[in-house]
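The values are calculated or read from the model by the stated rules, or taken from the named source; none is laboratory data. If you're wondering where the values come from, they're calculated on a predicted model, not measured in any experiment. All Cβ positions, even for glycine, are placed from backbone atoms using ideal geometry, and neighbour counts span all protein chains on display.
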Amino acid sequence: MLSHPLLPKLRQLKLSGMLLTLDTRAAQASERQFSPLEFLVLLLDDELERRSQQSLNRRLKLSGCDELKTLARFDFSATPGVSRAFIQDLASCAFINRHENLLLTGPSGVGKSHLANALAIEALKQERRVVSRGAQRLLTDLHAARAGGSYGRLLTKLLTVDLLVLDDFGLQPLTAPAAQDLYEIITERYERGSLIITSNRAFEEWPEVFGNDLLASAALDRLTHHCHTLIIRGQSYRQLSRRKEVTGQPSASPAEPIT
């Protein structure tokens, strides 16, 4: 098929999706006696699929999401308290349309971060704008941006994306500027954009993390007004896997480790 008359035209038009599948589609068209229109539709579908995947890859890279932590890789059998139907409903991203939030709490290693990341990937598939960061890292970046003169630009991005994921909130107490920054993000996104926050801190511990009872109360009030809350209980998946390795027992599931 190296001399197929379409090849130079596809190269000139930069239709690499069609180029990659031209041989296969031409053979199929000949074998199954496709009409010229049917052949063209197949090639166009290939090009659209390639562009869609490239676009998703770009959005994934910019978002900060882990491409490996998807819903398909989440081990629901290791977290029996998590409703698959509930998660699938969230994966439709209707909660983003309604500017609702999702709070995932529970001890370390039970799947909070994996679920948050997986839902963010579902949003990316629907061409939503997503930023996913560790809470402490994001607040540190904001502090550095203030010193570097790019604070306004970074804050605007965080306030205007469709979905903002803050992972592992509460691992460390917040400094006063960080607490104020987080409060501003929560306040400005209230009823305008969705947040997913994961934390191993119970809600009653948030004032301790904020270091300011008033800010913590006001932040929680806004977060939980239009909100889905999932409290995940159980043992750390990582520790269970480690114990099985030590004792020589096979893993219960081939799924990726949950974080």
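Residues of region 32-56 that are in a loop (DSSP other than H, G, I, E, B) and surrounded by 12 or more Cβ atoms within 10 Å (Cβ to Cβ): 34 alone. The single condition from (1) touching a residue at least 12 places away in the same chain (Cβ under 8 Å); (2) surrounded by fewer than 18 Cβ atoms within 10 Å (Cβ to Cβ); (3) assigned to a helix (DSSP H, G or I); (4) polar (S, T, N, Q) that residue 108 fails is (3). Under 28 Å from residue 157 (Cβ atoms) and either at pLDDT 90 or above or assigned to a helix (DSSP H, G or I) (or both): does that describe residue 59? Criteria met by residue 59.
Taking the criterion of being over 11 Å from residue 103 (Cα atoms) and of a type outside the set (Gly, Ala, Ser), the residues of region 202-219 that qualify are 204, 205, 206, 207, 208, 209, 210, 212, 213, 214, 215.
All of 154, 142 fail the test of being surrounded by fewer than 20 Cβ atoms within 10 Å (Cβ to Cβ), at pLDDT 95 or above, among the aliphatic types (A, V, I, L, M) and in a helix (DSSP H, G or I), apart from 154.
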